[in-house]
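Chemist: Take this structure first; my questions come after.
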Amino acid sequence: MRHIINILDLSVEEIEELMDTADDILANPGRYNEVCRHKILATLFFEPSTRTRLSFESAMLSLGGQVLGFSDSGSSSSAKGESVADTVAIVSGYADIIAMRHPKEGAPLVASMHSRVPVINAGDGGHYHPTQTLTDLLTIRHEKGRFENLTVGLCGDLKFGRPVHSLIEAMSRYAGVKFVLISPEELKLPSFVKQEFIKDKGIEYRQSRSLDDVIGDLDILYMTRVQKERFFNEEDYLRLKDTYILTPEKMKLARPDMIVMHPLPRVNEISTAVDDDPRACYFRQAYYGRFVRMALIMKLLGVHAE
Ligand code: NCD
């Protein structure tokens with residue numbers, strides 16, 4: 001039995017395989033609509049979500065399976081003080097696979113130690129978000145056609161933004177990748193990611209406070225939301241929330257083939273006027289989430305199309 005807590009729980013070859021499956025699902029959805037018949041996915045979401053939870057549920061329903069779960073910890077027994085370990089010990093008797101989001105870093109790992117079925121980390125605090133990274137990788141494969149030799153700019157809240165951490169880990173395995181880290185001082189990439197996945201690997205990187213100074217060098221611009229819910233005081237959030245706002249004027253400084261990604265939800269950091277730019281691919285990115293999650297559920301349950 002396998003759990004996916006971190007994107008590095010999957011090898012480069014396995015990621016390639018998942019992307020191939022996702023592409024086949026996109027091309028031939030009918031081949032897959034019964035493969036998880038009689039299987040149940042539980043979505044245990046202790047934190048708000050739109051895309052991640054609904055795309056997981058849509059994925060399982062599209063595979064012919066069923067879903068149960070909660071989207072608000074207040075309606076589960078955690079509100080009575082039940083531990084994650086106990087919740088999962090019980091739910092793993094009611095479902096064949098679990099997707100869990102939790103505000104505490106490490107909660108899905110703890111869950112996996114008490115589960116009888118595969119556990120997928122759907123986001124743990126300011127830590128990791130491996131299935132967002134699968135979505136991101138499928139987007140990069142479709143839009144850029146490769147993972148190697150790309151200059152990836154990550155902009156905004158690099159401290160608390162878990163999709164950034166998982167994406168850096170994943171991209172650090174491909175040759176010729178460079179990172180440009182764009183953030184205010186207070187929201188810099190934490191050392192648990194920077195040391196191990198950039199510095200120790202000898203990967204070329206640059207840090208900048210200014211988006212304008214570096215946007216022209218990028219193949220990919222990965223924008224992020226300032227993670228309001230992880231701030232200790234509101235003043236800091238209010239001061240930092242609008243540090244970067246991508247506008248059509250700024251897009252004029254970018255290469256004609258640069259792509260703009262964002263895990264969404266966006267608040268102010270990308271002006272809606274950028275949405276019509278063909279380089280804006282965040283809505284396509286969110287669309288792919290359903291198909292990579294279908295591929296991942298199939299892999300963890302060991303089921304295949306006929
Ligand atoms: C991200 C998350 O939850 O970490 N959202 C998502 O899953 N698409 C990013 C965010 O909330 O800003």
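Chemist: Working carefully through the options Gly30, Gly64, Gly69, find the one that is of a type in the set (Gly, Ala, Ser) and surrounded by 19 or more Cβ atoms within 10 Å (Cβ to Cβ).
Modeler: Working: Gly30 fails: surrounded by 19 or more Cβ atoms within 10 Å (Cβ to Cβ); Gly64 fails: surrounded by 19 or more Cβ atoms within 10 Å (Cβ to Cβ).
After applying the criteria, what remains is Gly69.
Chemist: Tell me whether the stretch 208-217 contains one or more residues that are β-branched (Val, Ile, Thr) and more than 21 Å from Thr272 (Cβ to Cβ).
Modeler: Among the residues of the stretch 208-217, at least one is β-branched (Val, Ile, Thr) and more than 21 Å from Thr272 (Cβ to Cβ), which makes the answer yes.
Chemist: Please pick out the residue among Ile270, Ile245 that is without any contact (Cβ under 8 Å) to a residue 40 or more places away in the chain, touching a strand residue (DSSP E or B) at 6+ places or on another chain (Cβ under 9 Å) and within 16 Å of the ligand (Cβ to nearest atom).
Modeler: Ile245
Chemist: Ok, one more. Select from the stretch 118-156 the residues that are aliphatic (A, V, I, L, M) and within 14 Å of Leu296 (Cβ to Cβ) and write down the one among them that is farthest from the ligand (Cβ to nearest atom).
Modeler: Val119
Chemist: Can you name the residue in the stretch 93-112 that is under 15 Å from His3 (Cβ atoms) and within 15 Å of the ligand (Cβ to nearest atom) and is also surrounded by the most Cβ atoms within 10 Å (Cβ to Cβ) among such residues?
Modeler: Step one: of the stretch 93-112, the residues under 15 Å from His3 (Cβ atoms) are 95-102, 106-112.
Restricting the remaining residues to those that are within 15 Å of the ligand (Cβ to nearest atom) gives 99-102, 107-108.
Details: Ala99: 32, Met100: 28, Arg101: 25, His102: 23, Ala107: 25, Pro108: 30.
Top of the filtered list is Ala99.
Chemist: Collect the residues in the stretch 213-246 that are assigned to a loop (DSSP other than H, G, I, E, B) and under 14 Å from Ile270 (Cα atoms), keeping them in residue-number order.
Modeler: To start, the set of residues in the stretch 213-246 that are assigned to a loop (DSSP other than H, G, I, E, B) comprises 213-214, 218-219, 224-227, 231-233, 241-245.
Answer for the stretch 213-246, where residues must be assigned to a loop (DSSP other than H, G, I, E, B) and under 14 Å from Ile270 (Cα atoms): Thr224, Arg225, Val226, Lys241, Asp242, Thr243, Tyr244, Ile245.
Chemist: Is there any pair with a first residue in the stretch 290-306 that is outside any loop (DSSP other than H, G, I, E, B) and a second that is surrounded by fewer than 24 Cβ atoms within 10 Å (Cβ to Cβ) and among the basic types (Lys, Arg) whose Cβ atoms are under 7 Å apart and which are 6 or more apart or on different chains, and what are they?
Modeler: Matching pairs, first to second residue: Leu300/Arg2; Leu301/Lys39.
Chemist: A follow-up question, please. Looking at (1) within 15 Å of His262 (Cβ to Cβ); (2) among the hydroxyl-bearing types (Ser, Thr, Tyr); (3) away from the ligand (no atom under 16 Å from the Cβ), which is the one condition that is false for Thr224?
Modeler: Of everything listed in (1) within 15 Å of His262 (Cβ to Cβ); (2) among the hydroxyl-bearing types (Ser, Thr, Tyr); (3) away from the ligand (no atom under 16 Å from the Cβ), Thr224 misses just condition (3).
Chemist: Are any residues in the stretch 159-184 surrounded by fewer than 24 Cβ atoms within 10 Å (Cβ to Cβ) and part of a loop (DSSP other than H, G, I, E, B), and if so, which ones?
Modeler: If the condition is that a residue be surrounded by fewer than 24 Cβ atoms within 10 Å (Cβ to Cβ) and part of a loop (DSSP other than H, G, I, E, B), then Lys159, Phe160, Ser172, Arg173, Tyr174, Ala175, Gly176, Val177, Pro184 are the ones that fit.
Chemist: Among what's in the stretch 1-31 and is outside any helix (DSSP H, G or I) and under 14 Å from Lys299 (Cα atoms), pick the residue that is nearest to the chain's Cα centre (by Cα).
Modeler: The selected residue is Ile4.
Chemist: Which one of these does Ala305 not meet: (1) within 16 Å of the ligand (Cβ to nearest atom); (2) over 23 Å from the mean Cα position of the chain (by Cα)?
Modeler: Here Ala305 meets the rest and fails (1).
Chemist: Going through Thr87, Thr135, Thr50 one at a time, which residue ends up being surrounded by 15 or more Cβ atoms within 10 Å (Cβ to Cβ) and under 30 Å from Ile270 (Cα atoms)?
Modeler: Thr135
Chemist: On the given criteria, is Asp212 more than 16 Å from the ligand (Cβ to nearest atom) and within 19 Å of Val164 (Cβ to Cβ)?
Modeler: no
Each value in this text was obtained by applying a stated rule to the coordinates, not by laboratory testing. None of these values were measured; they are calculated from a predicted model. As a convention, Cβ positions derive from the backbone with ideal geometry for all residues, glycine included, and neighbour counts pool all protein chains shown.
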